[in-house]
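Asker: Questions regarding the structure given below will be posed in turn.
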Amino acid sequence: MPNLKALRKRIATVRSTQQITRAMKMVAAAKLRRAQEAAERARPYAAKLAEMFEAVAAGVEPDTHPLLARREERRIDLVVVSSDRGLCGGFNSNISRRAQRFLVEEEDKYEAIQFSTIGRRGRDFAKRRGIETRKDYVGFFGRLRFVMARQVAEDLIVEFREKNLDAVYLLYNQFKSAMTQAITFTQLLPIVAPPAEEKPAPGGFIEPEHLYEPSRPALLEHLIPRQLAMQIWRALLESEAAEHGARMTAMDSATKNANDMIGRLSLQYNRARQASITKELMEIVSGAEAMK
């Protein structure tokens, strides 16, 4: 027969855990709202900046700017964006699995693959697997600022200009909804300039080429670093929103599971208590019958 005291203690423990998970869900929901608004506010600016870059860079030769130059990819850096904390479902494990798959599938193609990690979970994953890391960026989330994205971009630009890296890729969770995150893998460097397009003007005439002042290379010198920093900034915002959404969903599921467990334990407790009372009644009746 189950021990009634042990069952009561276990029910109290699960109920206490349920209060914690419920509180964490509410905190994650509040943070998600702010993070989602920040990600949505950044999207129009990022779209306009990308549109401006495409207009200026369309058709330019790769040797126009060092960050456009394509060379044989031998040394690769993968920027892995994870979270600083756990308890967010499969948020970090999905990123780790995708990074591991990239290593397994591409290790024979490149001379060296290294990681740059943003978030403690990605750093811990790289250390456990013995993966070479260029730099670990920790403590970003919870106090995100654009200067952080610019710092990462500037570090990558220096490494690429000095030919320590031949290509840079970015891996992060893109926010779709509170319950859905999409693993996103994209190339950061070298930046690919779009091909030139001849757009017919009204009347069937070819639109004349635009004149730029200052020159295209001078504009690209300012646009490309900003475009790179903006890509990283968007990834950080999307990842933070996705993290809070995943944590809110995980804590909601944990709260429901705790409620189900409390129900099962309460039923088990009531049955054990009823069996104990029945046994005591039978002993009393048996004693009374024996005294007759």
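The values are calculated or read from the model by the stated rules, or taken from the named source; none is laboratory data. Only a predicted model underlies this, so the values are computations on that prediction, with no experimental measurement involved. Positions of Cβ are generated from backbone atoms using ideal geometry, with glycine treated the same way; all protein chains shown enter the neighbour counts. Remember, those area values only see protein heavy atoms, side chains included, never the ligands or the DNA or RNA. Shrake-Rupley method; radii C 1.70, N 1.55, O 1.52, S 1.80 Å.
Asker: Looking only at segment 229-287, which residues are open to solvent by 70 Å² or more (accessible area, probe 1.4 Å) and among the β-branched types (Val, Ile, Thr)?
Answerer: 277, 284, 285 - these are the residues of segment 229-287 that are open to solvent by 70 Å² or more (accessible area, probe 1.4 Å) and among the β-branched types (Val, Ile, Thr).
Asker: Any residue at all in segment 46-56 that's over 27 Å from residue 162 (Cβ atoms), part of a helix (DSSP H, G or I) and touching a strand residue (DSSP E or B) at 6+ places or on another chain (Cβ under 7 Å)?
Answerer: Taking every residue of segment 46-56 in turn, none turns out to be over 27 Å from residue 162 (Cβ atoms), part of a helix (DSSP H, G or I) and touching a strand residue (DSSP E or B) at 6+ places or on another chain (Cβ under 7 Å).
Asker: Select from segment 135-162 the residues that are charged (D, E, K, R) and touching a residue at least 40 places away in the same chain (Cβ under 8 Å) and write down the one among them that is nearest to residue 244 (Cα to Cα).
Answerer: Filtering first and then ranking leaves 150.
Asker: Okay, next question. Within segment 135-188, track down each residue that is among the basic types (Lys, Arg) and either open to solvent by less than 30 Å² (accessible area, probe 1.4 Å) or touching a strand residue (DSSP E or B) at 6+ places or on another chain (Cβ under 6 Å) (or both).
Answerer: 135, 176
Asker: Also: Please verify whether residue 24 is open to solvent by 80 Å² or more (accessible area, probe 1.4 Å) and in a helix (DSSP H, G or I), treating the condition exactly as stated.
Answerer: Considered against the rule, which asks whether it is open to solvent by 80 Å² or more (accessible area, probe 1.4 Å) and in a helix (DSSP H, G or I), residue 24 comes out as no.
Asker: For segment 181-217, how many residues meet the condition of being modelled with pLDDT under 90 and hydroxyl-bearing (Ser, Thr, Tyr)?
Answerer: So the count comes out to 2.
Asker: Shifting gears a bit: Can we say residue 33 is modelled with pLDDT of 90 or more, under 25 Å from residue 164 (Cα atoms) and open to solvent by 40 Å² or more (accessible area, probe 1.4 Å)? If you could, list the steps in order and put the result at the bottom.
Answerer: On the way: modelled with pLDDT of 90 or more: yes; under 25 Å from residue 164 (Cα atoms): no; open to solvent by 40 Å² or more (accessible area, probe 1.4 Å): yes.
So residue 33 fails the test.
Asker: Looking at segment 77-134, which of the residues that are of a type in the set (Ser, Thr, Tyr) and open to solvent by 10 Å² or more (accessible area, probe 1.4 Å) is farthest from residue 243 (Cα to Cα)?
Answerer: Here the residue is 110.
Quick grid of which residues meet (1) of a type in the set (A, V, I, L, M, F, W, C); (2) within 30 Å of residue 252 (Cα to Cα):
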{"position": "74", "(1), (2)": "no, no"}
{"position": "99", "(1), (2)": "yes, yes"}
{"position": "115", "(1), (2)": "yes, no"}
{"position": "118", "(1), (2)": "yes, yes"}
{"position": "126", "(1), (2)": "yes, yes"}
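Asker: Does any residue of segment 7-21 turn out to be of a type outside the set (D, E, K, R), out of contact with any Pro (no Cβ under 7 Å at 6 or more places or on another chain) and over 30 Å from residue 267 (Cβ atoms)?
Answerer: No, that holds for no residue.
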